Amino acid sequence: MGPRVKRTLADHKDEDRMLDIDWTTEEPAVTAGQLLVTPLRADHDPEALGQRFGAAAKQAVEQSPFAAKPGDTFTFTREVDGAMQHVMLVGTPSLTDPAALRQLAHDAAREAQRVGAKHLVLDLHGAEGLPAEGDDAPQVGNLLAQGLELGTYAYDRFLSESGRRPASLRAVSAWGRSAAPGDGSTHGQIVAAAVARARDLGNGPPGLVTPTFLATTAEQMVESLSAEGHDVSLKVLDHDECKALGMGCYLGVAQGSDEPPRFIHLTYRPKGTSKARICLIGKGVTFDSGGYSLKPTDGMLDMKLDMCGAAAVLAAFEGATRLQVAYEVHVLVAAAENLVSGKAYKLGDVLTASNGKTVEINNTDAEGRLTLADAMIYGSKLEPELMIDFATLTGACIVALGPRIAGVMTNDEAAHADWMAASERSGETMWRLPLPENLKEQLKSKIADMRNTGERWGGALTAGLFLSEFNEGRRWMHVDIAGPAMASKAYGVTTPGGSGVPVATILELLCGEIQTTE
Ligand code: BES
Ligand code: MN
Ligand code: ZN
């Protein structure tokens with residue numbers, strides 16, 4: 001049975017439930033309209049195929065280009081005791097790769113949606129490395145459950161009823177030789193719900209997903225998580241409260257918009273003793289026009305995505321709480337819009353951050369680092385063992401690493417190792433970039449302590465270096481998700497639009513051991 005957690009996979013849906021995933025060693029009964037997905041290895045025995053599905057199916061497969069190579073699929077329909085069952089044969093890659101494992105389940109669920117099946121039977125007998133036994137079983141269950149849930153994800157709340165295709169899939173039987181993922185399956189469903197929550201926020205239009213909307217989302221999260229019995233709390237600071245704290249950089253960005261800024265601070269405390277205090281900060285620019293350094297239409301087109309860091313940490317907060325991680329988690333978002341108006345900040349302005357550092361603005365489009373600066377100073381006052389910020393920060397990071405890989409910059413080797421290990425388990429790809437001291441001179445100003453942008457080349461690094469001025473000497477990591485936060489086309493378990501990256505990695509990190517020795 002699936003967990004009774006609130007469904008957030010497609011936010012217009014009113015059911016409160018996720019998929020019912022049943023792990024079984026017995027062949028599930030064939031029902032009408034069911035989809036059976038059977039992974040096959042390239043060296044599978046064609047005779048066995050004939051015995052199982054009949055001579056006609058065997059012949060059809062043989063006459064097709066299907067060679068059970070990774071990515072190959074062959075679909076047909078068969079009759080079993082009067083019930084028509086859809087069958088999809090898939091070539092399996094090596095399933096020791098977490099991303100491949102999750103994708104197998106994802107593709108199966110997507111096919112179920114395509115044929116309108118309510119019940120999916122995922123036959124794990126032919127899958128290499130599966131079913132996993134012993135120590136691996138929970139992680140395999142986790143990844144399969146994630147894939148299954150994400151396979152039903154769609155963002156359709158702005159489609160009229162006639163354009164929607166409500167999810168058909170309700171139940172999954174994962175059928176293998178051993179059937180014990182432990183709580184891995186439930187775990188995976190919670191991770192997927194968090195990923196979907198981040199996608200929903202990222203996909204939301206900027207007129208809807210405003211700073212106030214993010215704050216309200218945090219409020220609703222705390223309400224339901226508290227009702228579930230978790231120790232969570234929320235503080236939302238308005239403009240005046242941020243001003244009293246001296247957050248001049250953040251408020252400088254926010255001042256061009258009529259939407260009021262909202263500084264969000266969520267706290268989760270574990271039931272037992274906390275292993276450490278972790279602070280997660282997300283860039284929450286709900287629309288980035290560039291300000292007076294105005295972006296051209298092409299560059300502005302996707303700038304509703306500029307709150308995907310915030311979406312990730314808010315969603316990860318919800319997931320981490322439901323997974324009852326052993327760390328005290330603080331989530332911070334300095335939410336604002338970057339617009340032009342008679343009140344907007346200008347090139348040449350000097351802003352003062354809450355630690356007293358002054359910043360000359362030489363580009364109003366480098367706004368994310370300004371909002372993050374004050375959030376990092378606030379975060380450092382919480383004295384966390386580790387502080388991580390997630391931000392759609394620079395186009396330069398996309399130039400460096402392409403659209404699917406996040407850039408990681410840090411002053412701490414142990415944090416880097418823990419994060420990369422978590423990303424390998426989650427299947428979300430990351431790569432480290434340096435913080436070269438000698439580029440810091442690009443951030444020098446003649447009239448202020450620093451300026452907000454350097455030269456064009458290495459823009460991801462100078463952005464990281466700018467942020468490093470505000471970590472207040474603490475262990476800190478910066479993850480630039482400008483590339484992977486949104487997908488222009490489907491890949492892996494990602495649908496076009498908000499990807500939910502790096503929610504799964506954050507949750508892997510918080511569920512594992514984080515080194516805290518300095
Ligand atoms: N939000 C953008 C970064 C971005 C660009 C994210 C493309 C996703 C896709 C950020 O605020 C920005 O505008 N950065 C500038 C920095 C520059 C002015 C130093 C950029 O990347 O051009
Ligand atoms: Mn910008
Ligand atoms: Zn931005």
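The values are calculated or read from the model by the stated rules, or taken from the named source; none is laboratory data. Source: prediction; values computed, not measured. Cβ: placed from backbone, ideal geometry, glycine included. Neighbour counts: every protein chain shown.
Residues in region 267-305 that are charged (D, E, K, R), out of contact with any Ser or Thr (no Cβ under 7 Å at 6 or more places or on another chain) and within 16 Å of ligand 3 (Cβ to nearest atom): D288, D298, D302, K304. Residues of region 432-465 that are out of contact with any Pro (no Cβ under 8 Å at 6 or more places or on another chain) and closer than 13 Å to N411 by Cα: R432, L433, P434, L435, P436, E437, G464.
Quick one: would you say A227 is surrounded by 23 or more Cβ atoms within 10 Å (Cβ to Cβ) and under 26 Å from D20 (Cβ atoms)? Reasoning before the result, please.
Values: surrounded by 23 or more Cβ atoms within 10 Å (Cβ to Cβ): no; under 26 Å from D20 (Cβ atoms): yes.
Judged against the criteria, A227 is not a match.
A Cβ distance below 6 Å, combined with a sequence gap of six or more or placement on separate chains, defines the contacts here; from region 505-518, residues that are of a type in the set (D, E, K, R) reach residues that are outside any loop (DSSP other than H, G, I, E, B) in the pairs E508/A422; E508/R425; E508/S426. Of all residues in region 336-345, one or more are surrounded by fewer than 22 Cβ atoms within 10 Å (Cβ to Cβ), within 15 Å of ligand 1 (Cβ to nearest atom) and over 31 Å from the mean Cα position of the chain (by Cα). Since G492 meets every condition but one in (1) modelled with pLDDT under 95; (2) crowded, with 23+ Cβ neighbours inside 10 Å, which condition does it not meet? All conditions pass for G492, except number (2).
Listed by first and then second residue, the pairs with beta-carbon distance under 9 Å, at least 6 apart or on different chains, first residue in region 459-485 and more than 16 Å from ligand 2 (Cβ to nearest atom) and of a type in the set (D, E), second modelled with pLDDT of 95 or more and assigned to a helix (DSSP H, G or I), are E469/A373; E469/K440; E469/L443; E472/M376; E472/I377; E472/G379; E472/S380; E472/K381.
Do we have A396 as near ligand 2 (Cβ under 10 Å from one of its atoms) and either over 19 Å from S445 (Cβ atoms) or out of contact with any Cys (no Cβ under 9 Å at 6 or more places or on another chain) (or both) here? It is false that A396 is near ligand 2 (Cβ under 10 Å from one of its atoms) and either over 19 Å from S445 (Cβ atoms) or out of contact with any Cys (no Cβ under 9 Å at 6 or more places or on another chain) (or both).
The single residue among Q85, Q63, Q34 that is out of contact with any strand residue (DSSP E or B) (no Cβ under 8 Å at 6 or more places or on another chain) and either at pLDDT 95 or above or surrounded by fewer than 17 Cβ atoms within 10 Å (Cβ to Cβ) (or both) turns out to be Q63. Checking the stated criteria, G319 turns out to be in contact with a helix residue (DSSP H, G or I) (Cβ under 7 Å, 6 or more places away or on another chain), within 20 Å of I514 (Cβ to Cβ) and crowded, with 20+ Cβ neighbours inside 10 Å. Taken as a whole, the condition of being modelled with pLDDT under 95 and either touching a Leu at 6+ places or on another chain (Cβ under 7 Å) or surrounded by 16 or more Cβ atoms within 10 Å (Cβ to Cβ) (or both) applies to T516. Return yes or no: is V61 part of a helix (DSSP H, G or I) and within 24 Å of G512 (Cα to Cα)? So V61 does not fit the description; no.
Can you find a residue in region 394-405 that is farther than 20 Å from V359 by Cα, in contact with a His (Cβ under 8 Å, 6 or more places away or on another chain) and at pLDDT 95 or above? Within region 394-405, none of the residues are farther than 20 Å from V359 by Cα, in contact with a His (Cβ under 8 Å, 6 or more places away or on another chain) and at pLDDT 95 or above. Answer yes or no as to whether A316 is modelled with pLDDT of 95 or more and either within 16 Å of ligand 2 (Cβ to nearest atom) or over 20 Å from the mean Cα position of the chain (by Cα) (or both). No: the conditions fail for A316. Out of A109, A56, report the one residue that is of a type in the set (G, A, S) and either surrounded by fewer than 21 Cβ atoms within 10 Å (Cβ to Cβ) or in a loop (DSSP other than H, G, I, E, B) (or both). After applying the criteria, what remains is A56.
Restricting to region 160-181, what's the tally of residues that are in a loop (DSSP other than H, G, I, E, B) and either small (G, A, S) or modelled with pLDDT under 95 (or both)? Show your work before the answer.
Within region 160-181, the first condition is being in a loop (DSSP other than H, G, I, E, B), and the residues that meet it are 160, 164-170, 176-181.
Filter again for either small (G, A, S) or modelled with pLDDT under 95 (or both), leaving 160, 164-168, 176-181.
Going through region 160-181 one residue at a time, the tally reaches 12.
Looking only at region 64-95, residues that are β-branched (V, I, T), in a strand (DSSP E or B) and under 26 Å from V140 (Cβ atoms) come to 4 in all.
Yes or no, residue by residue, for (1) closer than 21 Å to I377 by Cα; (2) free of Cβ contacts under 8 Å to residues at least 40 places away in the same chain; (3) more than 10 Å from ligand 1 (Cβ to nearest atom):
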residue: D298; (1), (2), (3): no, yes, yes
residue: L314; (1), (2), (3): yes, no, yes
residue: E318; (1), (2), (3): no, no, yes
residue: T321; (1), (2), (3): no, no, yes
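Among the residues that make up region 373-385, is at least one of them under 24 Å from G483 (Cα atoms), outside any loop (DSSP other than H, G, I, E, B) and within 14 Å of ligand 1 (Cβ to nearest atom)? Checked region 373-385: at least one residue is under 24 Å from G483 (Cα atoms), outside any loop (DSSP other than H, G, I, E, B) and within 14 Å of ligand 1 (Cβ to nearest atom). Set side by side, the residues E328, E360, E383 differ, and just one is more than 16 Å from ligand 3 (Cβ to nearest atom), at pLDDT 95 or above, touching a strand residue (DSSP E or B) at 6+ places or on another chain (Cβ under 9 Å) and at positive phi, which is E383. Taking the conditions exactly as written (more than 29 Å from A415 (Cα to Cα) and either modelled with pLDDT of 95 or more or touching a strand residue (DSSP E or B) at 6+ places or on another chain (Cβ under 6 Å) (or both)), does M221 satisfy them or not? Spelling it out, it is not the case that M221 is more than 29 Å from A415 (Cα to Cα) and either modelled with pLDDT of 95 or more or touching a strand residue (DSSP E or B) at 6+ places or on another chain (Cβ under 6 Å) (or both). Across region 142-166, the number of residues qualifying as surrounded by fewer than 22 Cβ atoms within 10 Å (Cβ to Cβ) and hydrophobic (A, V, I, L, M, F, W, C) comes to 3. Only one entry of D298, D288 meets the criterion of being within 16 Å of ligand 2 (Cβ to nearest atom), surrounded by 17 or more Cβ atoms within 10 Å (Cβ to Cβ) and either at pLDDT 95 or above or closer than 22 Å to K346 by Cβ (or both), and that entry is D288. Quick check on T92: is it of a type in the set (S, T, Y), surrounded by 14 or more Cβ atoms within 10 Å (Cβ to Cβ), farther than 20 Å from L169 by Cβ and within 28 Å of the chain's Cα centre (by Cα)? So T92 fits the description; yes.
Residues in region 182-212 that are surrounded by fewer than 19 Cβ atoms within 10 Å (Cβ to Cβ) and either at pLDDT 95 or above or closer than 15 Å to E318 by Cβ (or both): P205, G207, L208, T212.
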